[in-house]
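Trainee: My structure is below; once you've seen it, I'll send some questions.
The values are calculated or read from the model by the stated rules, or taken from the named source; none is laboratory data. In this text, all values refer to a predicted model and were calculated from it rather than measured experimentally. Cβ sites come from the backbone with ideal geometry, for glycine too, and all protein chains shown count toward neighbours. Ligands, DNA and RNA are excluded from the accessible area calculation, which covers all protein heavy atoms including side chains. Shrake-Rupley method; radii C 1.70, N 1.55, O 1.52, S 1.80 Å.
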Amino acid sequence: NILELQIERELKDSYLTYAMSTIMDRALPDVRDGLKPSQRRILVAMNDLRLYPGKKHLKCAKICGDTSGNYHPHGESVIYPTLVIMGQKWRMRQTLVDPQGNFGSITPDPPAAMRYTEARLTHAAVDMLEDLDLSTVDFQANYDDRLREPTVLPGKFPNLLVNGGVGIAVGMATSMAPNNPAEVFDAIIRVIDNPGISLLELMQDVKNPDGTIARRGIKGPDFPTGGLILGRRGIVEAYDTGRGKVTVRAKMHAEPVPGSKDREQLVVDELPFNLGIDALTEQLVAARDQDKITDVSAVHNECNAKSPVRIVIELKKGADAGVVEKQLYEFTSLQQNFSMYNIALVNRQPRTLGLRDLIRHYIDHRVDVIRRRTQHLLGVARRRAHELEGMIYAVCDIDEVVRLIRSSRTRPEALAKLMARAFRIAPGHPAEAIIPARLLTAARAAEKSPAGGVLLSEHQAKVISEMRLIQLVGLEIEKLVGEYRDVAAEIDRYEAILATHQLVLDMIKADCEQMKARYASPRVTEIQDAEGEDLDLASLIPVTDCVVTISHQGYAKRVPAETYRAQGRGGKGIIAGTAKDDDFIEHVFVASTHDHLLCFTDAGRVFKLRVFELPEMARTSKGRPLVNLLEFKAFNNPPAAPSPAAGEGANAPTAAESNTPARREKPIAFLAIKDFEEGSHYLTFVSRNAIIKRTPLKDYRNVHKGGLIAVDIRPGDALIAVAITGGADDVLLIAASGQAIRFPEDDARVMRRQA
């Protein structure tokens, strides 16, 4: 039979089938465990061989052979490179394979043949495989229907978030950057605690009241080779949309050439991710020979075991190291772009995912794994409890059990007699006092049934028939009852976990805390602001009105304005917030999320942040300490000697004030600003000693994160109030004695910011 087909249609259908096979079964990682099928099968084969940390390394040829023969029928020659990559520290932020032997180098030198190298699993890989045998994931038949393999690993370790991944499919590719493990674990915990957390909050540290870091924010990629990332725009775009590009630069330093007093050399210590030393050395020599960089005299590769990356670039006499460094970034790969495409399989479909999506998929997968594990353990515990109940009934009536077995000619007959016998725990039985109440209650209820007692199941009868003779002694009942109590407690705990979602989330948080303690390491990739970068984080935040509340002790929050609905006459009101006994709400105002918020302290300093940087919290929450958001400093302003400028009487500093210890500066005023250039507005300052000053509002448009001096406070004085004035307003000051003064604001001349 000949079937005529259009070649265009046949090519389209066949290529589509091939493309989908490549996407789903070869090139893209699964969002749940972050592994491709080849990587997953290697780890499963090593788990079958029990190559755990602390065990002896095994030949890679054996590992690749078992992987190829049992799970991955593509030949050992394609399995070994995948195994090698999972053990290379310059390719993986947290390796999954512990290598022994020559696994290559960053040069890049090729690894030795698999018959010469050995490997075993790392702790991270063991965490990936943990609970695999507890029905936590689905299994499928392997390529020849001889064995079963998991479709995904339980994935306790967040491999995709920590190690990222690279893969080229048909029509799409994935390029996911690695992240710092400690930052990842803190981010997961923060998302569990606050599912609606914004990306901006997730990228910022959470500080304790004393200024120490409580939870780290995910600052950006943390490449295993270190280096320097310029700018944050690409990081924010990739974390928000799943696509972005960052500029990665090598780290180098200048030092004198040994044996020379007037010549310098540049030494490269850290490289951009995935840049080989040989390729870089060739580029450096070519740039020198082509006269692109004229002040380089020689290039040496001085890498060794102690210094895996050390490339020395000798400069000519009189060369400027700073100029040559910029030329190196321009003409070589010492500065290059790293594109991030966060594409992974979600329900076997490729999806582009942001940072919060990746974290939520990890949490969802772990919730499913923990629930399935608990279901499995609950079934095992219930089965064991069922067996123990039968054994306890048998030991309590052991004479009757022995009689029934001895009177039977065959095993099936003995089982039938045991199942037909109604077992009871007679009142006053010697073991009645130690038998658990739930079991004794069930036995008493069974005695009132038509059967007149407890009827054993077939499984219980088999367990009783297999009991050893030593288990029939009287004291054996104590061991059985003790084990039954433990199993009953496990059943209660498993049922509580399945009934309470929060317990499952708490278990995930506990796992993250445990892994954070094991895998935490300092950042190796530094992030710097790029010159001229205009990163507008506000573009990620919707423009909405919100109510900002700040307490006397500095707890701040924002709440959507629609939370406070209008009430009719006689309304009872609602709680706007909670505070500690010695605290109260001091500042309340409405602002847009995109407004600038100026915070003035009694030390005369000013801080600026956007309103959306304040945490959005529930209406009844007390808020977050401002010390976590602003860099307050110690404030020790000694009083001045008595003088007319310092004031007399009530305003003069006392002897007690002269010995006042240093304290942290305190915020005293907050102003929401939409536009610093709009109109001719002024900031009018008033101090405790009645010193007044006016400064144009636009002078405060460039306040950095560390704060600026808003007004120079004299010794013994403190700032107490700040207000926005329009240039033609009147100022009314009221003293503690009850006196008041009113005057036009232009009586106080305009002064510079630090006056």
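Trainee: Got at least one residue in segment 142-151 being crowded, with 23+ Cβ neighbours inside 10 Å and closer than 26 Å to residue 365 by Cα?
Mentor: Checked segment 142-151: no residue is crowded, with 23+ Cβ neighbours inside 10 Å and closer than 26 Å to residue 365 by Cα.
Trainee: Please state which of the following conditions residue 181 fails to meet, knowing it meets all the rest: (1) within 18 Å of residue 509 (Cβ to Cβ); (2) more than 13 Å from the chain's Cα centre (by Cα); (3) crowded, with 21+ Cβ neighbours inside 10 Å.
Mentor: Looking at each condition in turn, residue 181 falls short on (2).
Trainee: State whether one or more residues within segment 106-122 are β-branched (Val, Ile, Thr), within 14 Å of residue 41 (Cβ to Cβ) and touching a helix residue (DSSP H, G or I) at 6+ places or on another chain (Cβ under 7 Å).
Mentor: Taking every residue of segment 106-122 in turn, none turns out to be β-branched (Val, Ile, Thr), within 14 Å of residue 41 (Cβ to Cβ) and touching a helix residue (DSSP H, G or I) at 6+ places or on another chain (Cβ under 7 Å).
Trainee: Is there any pair linking a residue in segment 86-110 that is within 18 Å of residue 127 (Cβ to Cβ) to one that is outside any loop (DSSP other than H, G, I, E, B) and basic (Lys, Arg), with Cβ under 8 Å and at least six apart or on different chains, and which?
Mentor: 97/120; 98/120
Trainee: Could you give me the residue pairs with C-beta distances under 6 Å whose first residue belongs to segment 501-521 and is modelled with pLDDT under 95, whose second residue is open to solvent by 80 Å² or more (accessible area, probe 1.4 Å) wherever it lies, and which are 6+ apart or on separate chains?
Mentor: none
Trainee: For residue 63, state whether it is at pLDDT below 95, among the aliphatic types (A, V, I, L, M) and open to solvent by less than 60 Å² (accessible area, probe 1.4 Å).
Mentor: In short, no.
Trainee: Just the residues that are basic (Lys, Arg) and touching a helix residue (DSSP H, G or I) at 6+ places or on another chain (Cβ under 8 Å), please, taken from segment 604-635.
Mentor: Passing the criteria: 608, 610, 619.
Trainee: Please find, within segment 403-433, the residue that is farthest from residue 384 (Cα to Cα) out of those that are open to solvent by 60 Å² or more (accessible area, probe 1.4 Å), under 58 Å from the mean Cα position of the chain (by Cα) and in contact (Cβ under 8 Å) with a residue 12 or more places away in the chain.
Mentor: Ranking the qualifying residues of segment 403-433, first place goes to 430.
Trainee: Further question: May I ask you to list the residues in segment 21-53 that are open to solvent by 70 Å² or more (accessible area, probe 1.4 Å) and either free of Cβ contacts under 8 Å to residues at least 24 places away in the same chain or hydrophobic (A, V, I, L, M, F, W, C) (or both)?
Mentor: Within segment 21-53, 25, 48, 50 meet the criteria.
Trainee: Answer with yes or no whether residue 171 is small (Gly, Ala, Ser), buried (at least 17 other Cβ atoms within 10 Å of the Cβ), part of a loop (DSSP other than H, G, I, E, B) and out of contact with any Pro (no Cβ under 8 Å at 6 or more places or on another chain).
Mentor: no
Trainee: Name the pairs: first residue in segment 698-726 and open to solvent by 40 Å² or more (accessible area, probe 1.4 Å), second residue modelled with pLDDT of 90 or more and polar (S, T, N, Q), Cβ to Cβ under 6 Å, at least 6 apart or on different chains?
Mentor: 723/684
Trainee: Quick one: in segment 84-122, which of the residues that are open to solvent by less than 40 Å² (accessible area, probe 1.4 Å) and of a type in the set (Val, Ile, Thr) is modelled with the lowest pLDDT?
Mentor: Result: 107.
Trainee: Whether any residue in segment 4-16 is modelled with pLDDT of 90 or more, of a type in the set (Lys, Arg) and surrounded by fewer than 19 Cβ atoms within 10 Å (Cβ to Cβ) is what I want to check.
Mentor: Scanning segment 4-16, I find no residue that is modelled with pLDDT of 90 or more, of a type in the set (Lys, Arg) and surrounded by fewer than 19 Cβ atoms within 10 Å (Cβ to Cβ), so the answer is no.
Trainee: Can you tell me which residues in segment 43-73 are more than 17 Å from residue 86 (Cα to Cα) and part of a loop (DSSP other than H, G, I, E, B)?
Mentor: Answer for segment 43-73, where residues must be more than 17 Å from residue 86 (Cα to Cα) and part of a loop (DSSP other than H, G, I, E, B): 49, 50, 54, 55, 56, 71, 73.
Trainee: Any residue in segment 447-470 that's among the acidic types (Asp, Glu): show its pairings with residues that are open to solvent by 50 Å² or more (accessible area, probe 1.4 Å) at Cβ separation under 7 Å, as long as the two are six or more apart or on different chains.
Mentor: Hits for this filter: 447/424; 458/419.
Trainee: Pairs please, first residue from segment 132-147 and at positive phi, second anywhere and not polar (S, T, N, Q), Cβ atoms under 7 Å, 6+ apart in sequence or on different chains.
Mentor: 135/372; 135/376
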